[in-house]
1. Given N residues in chain A, what is its alpha carbon radius of gyration divided by 2.2 N^0.38 Å?
2. Quick one: angle between helix A:14-23 and the longest Cα principal axis of chain A, in degrees between 0 and 90, rounded to 10, please.
3. Which of the pairs A:Lys388/A:Lys468; A:Lys580/B:Lys46; A:Lys45/A:Lys121; A:Lys227/A:Lys580; A:Lys426/A:Lys468 have their Cα atoms more than 21 Å apart in this structure?
4. ³J(HN,Hα) across segment A:553-560 via Karplus (A = 6.51, B = -1.76, C = 1.60, θ = phi - 60°), whole Hz, x for Gly/Pro?
5. What are the ³J(HN,Hα) values, in whole Hz, obtained from phi via the Karplus relation 6.51 cos²θ - 1.76 cosθ + 1.60 with θ = phi - 60°, for each residue of segment A:380-387 in sequence order, with x given for Gly and Pro?
6. Kindly identify segment A:527-606 as rounded, prolate or oblate by the Cα gyration tensor criterion: order the square roots of the eigenvalues as a ≥ b ≥ c, call it rounded if a/c is under 1.5, otherwise compare a/b with b/c, prolate if a/b is larger, else oblate.
7. Taking springs between alpha-carbon atoms closer than 10 angstrom, which of B:Leu59, B:Leu29, B:Leu40 fluctuates most in the Gaussian network model of chain B?
8. In whole Å, what is the distance between the alpha-carbon centres of segment A:118-133 and segment A:250-286?
Amino acid sequence: MSFLGEVRLEEEFGPFAAFQEALGFVPNLLYAQTLLPRVIEAQAKLESAVRSPGGAISRVHKERILLSIAADRHDTYCVALESKVLSLLGMSEGQIDDLLNDYHRADFPLADLALLQFCLKLSRYAPSMCSEDIEALRACGFEDELILEAVVVTALAVYRCTLSVGLGPEADFGPRKLASTRIAPPRDVALHIPSPGIHEAARNKGPYVPAPYLSSKTFGPFAIVQKSHGFIPNFFRAQTLRPDLLEAELEAVDRILLPEDVLTRVQKECILLAVSAANLNSYCVAMHCNLLRGLGMPSEEGDQIAVDHHGSNLSESDRALLDFAVKLGTRVSEFSREDVVKLQTLGFTEEQILECEVVTALNNFANTLQMGLGIEPDFEPPPDFENKVHLSGGAQPPIQAGGVVHLVDTLQDTEAGLVAQAQSGKLEAFEELARHHGQLIYRTLTAILGNPADAQDAMQDTLLSVFKHIDGFQGRSKFSTWLVSIARNTAFQRLRRGKHFESLDEAVCNEERDFRPRQVRAWQDNPEELYSKSEMRQLVERGILALPANYRVVVMLRDIQQLSTDEVARQLGLSVPAVKTRLLRGRLMLREWLSPHFMTSVKEIAQ
Amino acid sequence: MISCEEFLAEFGDYLENQVSPEVRQELELHVSQCRACHVLYDSSRKTVKLVTESSSFELPESVSEPIIDRVMARLRTGRS
């Protein structure tokens, strides 16, 4: 018996039949998940896509990768399973032993060794992957599709090993001996980044394989992602070289993450965030911070979970759930049945524990894949998390950027110092802060109130309110973010007192409908030359004030105040995709509004 | 070539300069072939440029200083 309960499923249960056909048996790892048949379906999707013939890597080579990684992680369950599979595929016992004990001794061609080495490095030190590793494979004559496949196979191995540790299934076959002289592999990925500066090297070099354009109109799975996420993350776009693998992944993700019958979406996103953070995966941290914001969690709370979930406002049991997931996801050697029992005593059901483990395994799958393909970020990770990555990786800021980094630090320090002084009642410090951020406050007020005169009027109330509440600012978000929230509150209070109240709630603006542009006449070549600077400014201001409030705020902060999209999202407590949608709408409406002033004349067209 | 609908689906990221080289290539091809989308792209880009360069809603010091002075005066009297 494994750590969790099992139930009998029908023999015809699709995924079991598929394993029966592919392997000749159903591994106990799957029986250990029978409390939630949908997660077995998810794993079956991934496994059959990876095993499907016709890929760039042969079946035997894939199974060898799976075995090597299991051996490297001292995962006795997976080692026994994979050894059996390889022997069924005709590999001799001697060869399997070589592979288990020292793959360098095995009589493989150099290219095969290079491939194994790549996969083992990715499984062990994912954060240190860089383009040189990819180049090493290319030098052996491996092509993009093969590299992509190798990364996915490695990710699957990590998925399985995470699950086998968490579930403790009984061995399917007699155990295989691993040589005791084997050097124990490092388990704590986060603590074993080989050399300083490695993050900088890895960060800017992706994506490693080309990704042909796939449209959500012709590729069904993308249409679903577009609908559920509001956009298509680079994580999926980066894998378009193999639509079949992508489709299987998306189906697995849907089965694991979308249902809310066991754990909630928020709980699952928190697990993904906390474990990604422990794995130092900036891409996934930024992604899950955003998704949590979209689910209604305040940005500071998500940022806090990324840095240290113990300091968050989550319930005690949810924090314990994250402790459990982080341990399973990153400190495998410390994990035991005790951890499962501990969650049970806190009131978690076996189904919930199972789902938590599967989500953790999926997270490690995704983290591995992202690092292996060097997928570029969709969003910026929280600033505090970036600091944590630097500290734990021992990475130094790049030399060229040293001066800039220093300057930014000093600026932030000065501001932090001013805030601290203002908090202790020093009025001069407060005055300096007010002067420095006046423009941001004014623009936020104007955007919400829709009227510069009202905004000037509300400035005083806002500043008084800032002073009154400044003790409540704990430094968990940027000071400017906090200021915007005070300005918004002040503006909303005024609106509620007045009669024209436009709601800015996410639900109110219908983001589903497509925006159809009406003005289709071309604009003149140098529109900025048609009016004087002050005329132009008045024109733009009138256009912006004519926008609906929820678009106006986003356009104001992004295009006028020129904050980044991420920052706007943070300040308004919206997800980045929601900000992007509103920004585009706002810009297009502005375009319609400005068009009559800048179009080529009818006469010019006739010419 | 991609359709106008597909072009519009990527349009926001295109304007923000946040598309991969492969997607950019498709979009550029579409813009060069489709007049309606070309006009839309060109005028939208110009809109963003005009808006960001307009220095709109700048609060002149002649307005902001008296406000800050009033606030500070109130805080000081509230203190003493």
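Each value in this text was obtained by applying a stated rule to the coordinates, not by laboratory testing. Remember, it's a predicted structure, so these values are computed and weren't measured experimentally. Every residue, glycine among them, receives a Cβ derived from its backbone with ideal geometry; neighbour counts consider all protein chains shown.
1. The reported ratio for this selection is 1.10.
2. Between the helix axis and the principal axis of chain A, the angle is about 50 degrees.
3. Violating the 21 Å limit, Cα to Cα: A:Lys388/A:Lys468; A:Lys45/A:Lys121.
4. Ordered by residue, 3J(HN,Hα) equals 4, 5, 5, 4, 6, 7, 8, 8 Hz.
5. Once rounded to whole Hz, the list reads 7, x, x, x, 5, 5, 4, 4.
6. Taking the square roots of the gyration eigenvalues as a ≥ b ≥ c, segment A:527-606 is prolate.
7. Comparing B:Leu59, B:Leu29, B:Leu40 in a Gaussian network model of chain B, the most mobile one is B:Leu59.
8. 23 Å
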